[in-house]
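Worksheet: the structure to be examined is printed underneath.
Derivation of every value follows stated rules applied to the coordinates shown; laboratory data play no part. Worth saying up front: this structure is predicted, and the values here are computed from it rather than measured. We place every Cβ from the backbone using ideal geometry, glycine too, and count neighbours over all the protein chains shown.
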Amino acid sequence: MSGGISNITLENILVWDSKRGVRIKTATGRGGYIRDIFYRNLTFTNLLVGIVVKTDYNEHADDGFDPKAIPSVENISFHGIHGRDVRIAVRIQGSEEIPIRGISFTDMNVGIAKKKKRLFQCAYVRGRAIGKIFPAPCESLDQYDEQGRLVRRSTSQNATLPDYDV
């Protein structure tokens, strides 16, 4: 993808016995955008990682890519994510050059297969967790209660990213 993708809704999906449930990847040199993507009612069973969003996936078809083509990744929503036997629930890996903005999680309960320290991983991301989220969301996300009231503002270094609208 080197142009853009937007306004996509994916819903009522079951993913089982796989490495990943959802995977979004891009890198410098791709350009374009990934925005306004909505996931609803996802069920995961026996996965390595439930959700992966990665902006430093440095794999190109050839050497003819433009290193100045910087993609944007924003407004990705996950609502109603459930599952069991997942080793890492979420891995959101933005980069300094390509941060992820406006990601949100609502109504999430993913049972973990093995006890690990970091079950919800984030880097260079700005977003929010709304309502009950399990496992506990990373500190890079603002936390809101079920009525949409701010409970805790992000305290990580990622809080310096510009604000967003979700």
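Order of THR28, THR45, THR155 from fewest to most other C-beta atoms within 10 Å? Walk me through the numbers on the way to the answer.
Numbers: THR28 20, THR45 17, THR155 10.
Arranged by neighbour count, lowest to highest, THR28, THR45, THR155 become THR155, THR45, THR28.
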Going highest first, how would you order 64-72, 106-114 by mean Cβ packing within 10 Å? 106-114, 64-72
Give the separation of the Cα centroids, segment 116-152 to segment 38-107, in Å. 15
Could you point to the residue in PRO67, ALA136, VAL90 farthest towards the positive end of segment 5-158's charge dipole, with +1 and -1 charges on the Cβ of Lys/Arg and Asp/Glu respectively? ALA136
Under a point-charge model restricted to the Cβ atoms of Lys and Arg (+1) and Asp and Glu (-1), what is the dipole moment magnitude of the chain relative to its Cα centre, in debye to the nearest 20? 760
